[in-house]
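> Let me give you the structure first, and then I'll get to my questions.
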């Protein structure tokens with residue numbers, strides 16, 4: 001019986017989320033689109049759910065299975081919402097909105113970052129300390145030096161290897 | 001009449017002894033949940049991660065190569081190339097009995113891990129080209145020298161797969177015995193939501209990099225959280241559900257530490273990665289050029305295994321599988337295992353499905 005009730009929940013959940021996707025995909029004010037009433041959409045789903053739970057509760061003494069059922073219900077609820085969100089976010093319309101948001105944040109962040117950088121540079125200069133750009137420059141020089149030293153090491157290794165080969169060839173096969 | 005009066009009492013619901021025992025268990029679990037929650041909130045402990053002994057065999061700028069020694073019952077050592085940026089590589093050695101590296105060394109593989117390191121603004125000039133043609137070849141060579149072996153197997157995970165595959169394809173002088181692509185995107189036309197969000201119609205990577213310099217960790221975090229917005233909810237629900245279990249809490253703490261430790265990307269790396277891989281899909285089309293050389297995956301001829309994760313939404317199986325068709329190996333295999341991008345390699349499911357598959361496939365060919 002419990003399983004049947006859970007299956008009922010699951011079915012309701014699936015239908016509910018699919019309807020939600022349809023609801024989300026309808027552009028507001030689209031020509032010919034009927035007015036959507038979210039309450040009307042959710043009500044049968046909630047009524048049936050509440051009915052199922054009251055039936056379950058009236059069947060006898062409360063069992064710890066209820067706790068498991070509740071966890072399963074929450075898992076399915078989250079999974080259903082996850083699918084809804086994934087379907088919504090996997091659309092070009094969402095990607096476009098995301099891109100616009102990012103552009104807007106860059107429009108705000110760009111000048112703010114530039115102003116903050118200039119302010120920090122000026123503050124450090126007035127204190128006679130190295131600027132951020134100078135510290136980064138030093139770090140880059142160190143990395144370049146490391147690269148050069150490693151390049152020399154590689155060449156030295158190659159020369160030593162070649163020498164070994166020449167010496168080996170000169171000695172000939174052991175008798 | 002008198003007796004009848006005394007028997008008129010309210011009847012409590014009858015519970016069977018079995019049900020009573022289960023209720024008692026539930027109550028005990030709730031007490032334990034409260035106790036562990038209080039410990040987590042009032043006395044949080046830094047989880048211990050990376051339990052497998054290791055040594056640094058080489059370091060260059062921020063990057064390191066670690067050696068995890070084994071009894072070396074398998075002749076060919078393994079070089080593991082993970083993603084650059086995004087997250088730290090200790091997920092592969094998260095905790096005792098929950099570590100891919102511990103498992104592989106236990107199976108007799110000498111294990112070499114590339115740790116790209118945490119990049120700062122001074123590394124913003126580092127790009128994919130430099131990583132594939134200069135940095136990775138050096139790290140791989142040092143690992144090979146340290147092992148004393150003639151050949152190495154290479155395993156690329158996530159972004160580490162296209163990077164290491166490009167390296168293997170352009171460095172035929174490096175002796176690769178076997179190659180494994182684990183959840184590594186190759187055909188970016190099937191890369192899912194990230195592919196859509198990073199589409200050039202919606203995302204101007206040049207403007208982003210030019211403005212920000214590097215890609216901050218918070219931005220990386222926002223992208224990954226957005227990919228699965230209900231993840232935090234289900235993680236916390238599962239935590240509450242299993243909070244009575246101290247082993248679960250230990251595992252959760254370690255994983256949670258890793259999952260919230262996002263890493264920044266060097267700006268130029270991100271630019272090239274997004275443009276040439278996500279937006280132009282050059283690798284699988286054979287149009288990628290690095291260091292003046294065409295990257296032709298068809299030059300990979302060693303035995304190849306590609307592993308996709310069924311529920312991976314970062315590198316869906318459809319973008320991993322084409323690797324098998326792109327290489328020229330005669331010994332090639334594709335498997336699709338249960339799990340998501342992370343649970344493919346970390347966690348209980350990984351220890352049952354992925355780790356044994358990798359170890360047995362390699363052992364037969366090493």
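The values are calculated or read from the model by the stated rules, or taken from the named source; none is laboratory data. Because the structure is a prediction, the values reported are computed rather than measured. No Cβ is skipped: glycine too gets one built from the backbone with ideal geometry, and neighbour counts run over all protein chains shown.
> Out of the strands (runs of 3 or more DSSP E) lying entirely within the range B:12-101, which hold 2 or more residues that are within 14 Å of chain A (Cβ to nearest Cβ) and touching a helix residue (DSSP H, G or I) at 6+ places or on another chain (Cβ under 7 Å)?
Counting at least 2 such residues, we get B:55-60, B:63-68.
> For the range A:63-75, enumerate the residues that are more than 9 Å from chain B (Cβ to nearest Cβ) and either surrounded by 16 or more Cβ atoms within 10 Å (Cβ to Cβ) or free of Cβ contacts under 8 Å to residues at least 60 places away in the same chain (or both).
A:66, A:68, A:69, A:70, A:73
> Would you point out the residue of the range B:246-277, among those that are within 14 Å of chain A (Cβ to nearest Cβ) and more than 21 Å from the chain's Cα centre (by Cα), that is farthest from residue B:208 (Cα to Cα)?
Step by step, filter the range B:246-277, then rank; the result is B:268.
Conditions (1) in a strand (DSSP E or B); (2) under 25 Å from residue B:115 (Cβ atoms); (3) modelled with pLDDT of 95 or more, marked per residue:
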site	(1), (2), (3)
B:161	no, yes, yes
B:164	no, yes, yes
B:168	no, yes, yes
B:174	no, yes, yes
B:177	yes, yes, yes
B:185	no, yes, yes
B:199	no, no, yes
B:224	no, yes, no
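> Given the options A:87, A:119, name the one that is in contact with a helix residue (DSSP H, G or I) (Cβ under 6 Å, 6 or more places away or on another chain) and modelled with pLDDT of 85 or more.
A:87
> What's the number of the condition residue B:180 fails, among (1) more than 10 Å from chain A (Cβ to nearest Cβ); (2) under 21 Å from residue B:278 (Cβ atoms); (3) touching a residue at least 12 places away in the same chain (Cβ under 8 Å); (4) within 18 Å of the chain's Cα centre (by Cα)?
(2)
> Right, here's the next one. Would you confirm whether or not the range A:102-111 contains a residue that is surrounded by 13 or more Cβ atoms within 10 Å (Cβ to Cβ), farther than 30 Å from residue B:211 by Cβ, facing another protein chain (nearest Cβ under 9 Å) and in contact with a helix residue (DSSP H, G or I) (Cβ under 6 Å, 6 or more places away or on another chain)?
no
> Go over the candidates B:162, B:121 one by one and state the one that is farther than 20 Å from residue B:62 by Cα and in contact with a helix residue (DSSP H, G or I) (Cβ under 6 Å, 6 or more places away or on another chain).
B:162
> Of everything in the range B:316-332, what is outside any helix (DSSP H, G or I) and in contact with a helix residue (DSSP H, G or I) (Cβ under 8 Å, 6 or more places away or on another chain)? Give them in sequence order.
Within the range B:316-332, B:316, B:327, B:328, B:331, B:332 meet the criteria.
> Ok, one more. Which residues, counting only those in the range A:112-143, are under 27 Å from residue B:202 (Cα atoms) and surrounded by 14 or more Cβ atoms within 10 Å (Cβ to Cβ)?
Selection gives A:113 alone.
> Within the range B:102-126, restricting attention to residues that are surrounded by fewer than 19 Cβ atoms within 10 Å (Cβ to Cβ) and within 14 Å of chain A (Cβ to nearest Cβ), which residue is nearest to residue B:272 (Cα to Cα)?
Looking at residues that are surrounded by fewer than 19 Cβ atoms within 10 Å (Cβ to Cβ) and within 14 Å of chain A (Cβ to nearest Cβ), I get B:125.
> Could you say which residue among B:350, B:315, B:326 is crowded, with 20+ Cβ neighbours inside 10 Å and within 29 Å of residue B:72 (Cα to Cα)?
Only one candidate qualifies: B:350.
> Further question on the same structure: Surrounded by fewer than 14 Cβ atoms within 10 Å (Cβ to Cβ) and within 8 Å of chain B (Cβ to nearest Cβ), is that true of residue A:86?
no
> How many residues does the range B:207-220 contain that are in contact with a helix residue (DSSP H, G or I) (Cβ under 8 Å, 6 or more places away or on another chain), more than 7 Å from chain A (Cβ to nearest Cβ) and within 17 Å of residue A:104 (Cβ to Cβ)?
Number satisfying all stated conditions: 2.
> Next up: Looking at residue A:94 and the list (1) loosely packed, with under 14 Cβ neighbours inside 10 Å; (2) under 31 Å from the mean Cα position of the chain (by Cα), which single condition is not satisfied?
All conditions pass for residue A:94, except number (1).
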